[in-house]
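Below you'll find the structure, written out as structure tokens, and then a few comments.
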Amino acid sequence: MNNLITALKGFALGIAFVVPGFSGGTMAVILKIYDRLLNAISLSIEKLKKNFFFLLFLAIGMAAGVFATAVGLSWLFENHPVPTSLVLTGIVLGSLPTIWKECTSEKKFKPVNIIPFIIAFAVMVVMFFIENAEMAETAAQTEFSAGLALKLAAGGFVAAVSMVIPGLSGSLMLTIMGMYETAIAAVKDLNIALIAPVGIGAAVGILSGAKLISVLLRKFRQGTYAVIIGLIAGSLLTIFPSDFAFNSEGIIGIVLGIIGFIIPIVFDRLPAAKEASKGE
């Protein structure tokens, strides 16, 4: 029964991993597995052995959640892009108060940390205009090449590292890197040649990134979170639908966006969310 429950929690994590703006780390906190997960995915062989079945069934559930959500989300983007983008915009905006709370949980915000925020935000703005100038790069790529494999591996690595941090979305990082559509299409079509690089990058990112993130958050907590907030704030340019209009789809999208904004705020108020930083 415990393994089944772990797999179901993994399924929820898989959903959070696919939806841009939704944090897998936050979901792990809500499911009360954040501490154990961060401890289990360290580079310690003993810890990996001790948590083998926990990680195995969690991974099985995550794989199922990623596949199910990839198929559903692709359909929504194809048929209802404006409402889908607006609900994701709402989720991202609603997650910012939680991340700010983490940023200032130990001490007041230092003005010097505005600098990493501005740099991160500026990087996002530049990437947004580059992306718009090269629209072909944002479309899903389905043909295998060594260059694409390297990009997907890098995307999987960054997404996995991002998933360790409560409030930061791994799929949002894939969106930032222009790899989201390609990764989702690969999962939906079961394109193993393209799924494999993402999986390898993610595995390396999870194993090596947990320790790095723990160190950064311990030694440069506010600066690290300032970068995170800058990246997320800048990503709103990419997520918000460029073809928004005040028609039926737009109005429905606004309503769904408000609901999306409320969701992470409600999650943050759940008792489990009080444990957000224990694993760091």
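Nothing in this text is a laboratory measurement; each read-out follows from the coordinates by a stated rule. What you see is a predicted model, and the numbers here were worked out from it, not measured in a lab. Virtual Cβ from ideal backbone geometry, glycine too; neighbours counted across all protein chains shown.
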Whole-Hz Karplus couplings 3J(HN,Hα) for segment 150-155, θ = phi - 60° and coefficients 6.51, -1.76, 1.60, Gly and Pro as x, run 5, 5, 5, 5, 5, x
Near the amide H of residue 189, under 5 Å away, which other amide H atoms are found, from residues 5 or more places off or on another chain, if H is placed in the peptide plane?
none
Electrostatic dipole magnitude of the chain [Cβ: Lys, Arg +1; Asp, Glu -1; Cα centre; debye, to 20]:
1460
Relative contact order (%) - criterion: Cα under 8 Å, at least six apart; region: the chain
34
Expected sort for 9-18, 147-156 on mean C-beta neighbours within 10 Å, highest first, is 9-18, 147-156
Which Cα, out of 176, 90, 48, lies furthest along the positive dipole direction of the chain (beta carbon charges, K/R +1, D/E -1)?
48
Dividing the surface of the Cα convex hull of segment 58-200 by four yields a projected area in nm² of 10.0
Once phi is turned into θ = phi - 60°, what whole-Hz ³J(HN,Hα) does the Karplus curve with 6.51, -1.76 and 1.60 give for every residue of segment 190-199, x standing for Gly and Pro?
6, 7, 4, 4, 9, 5, 4, x, 4, x
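Can you bin segment 1-116 into rounded, prolate or oblate? Criterion: square roots of the alpha carbon gyration tensor eigenvalues sorted a ≥ b ≥ c, rounded for a/c under 1.5, prolate for a/b above b/c, oblate for the rest.
Oblate.
Enumerate by residue number the GluC sites (Glu not before Pro) in segment 136-239 meeting two conditions: DSSP loop (anything except H, G, I, E, B), and at most 11 other Cβ atoms within 10 Å of the site's Cβ. Please report the intermediate quantities before stating the final value.
Details: sites: 137, 143, 181; in loops: 143.
Sites meeting the loop and neighbour criteria: 143.
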Inter-centroid distance (Cα atoms) of segment 37-72 relative to segment 152-204, Å:
15
Kirkwood hydrodynamic radius over Cα pairs of the chain, then Stokes diffusion coefficient at 4 °C and 1.567 mPa s, in µm²/s
68
Whole-Hz ³J(HN,Hα) for each residue in segment 249-256, computed from phi via Karplus 6.51 cos²θ - 1.76 cosθ + 1.60 with θ = phi - 60°, x for glycine and proline: what do you get?
5, x, 5, 4, x, 4, 4, 5
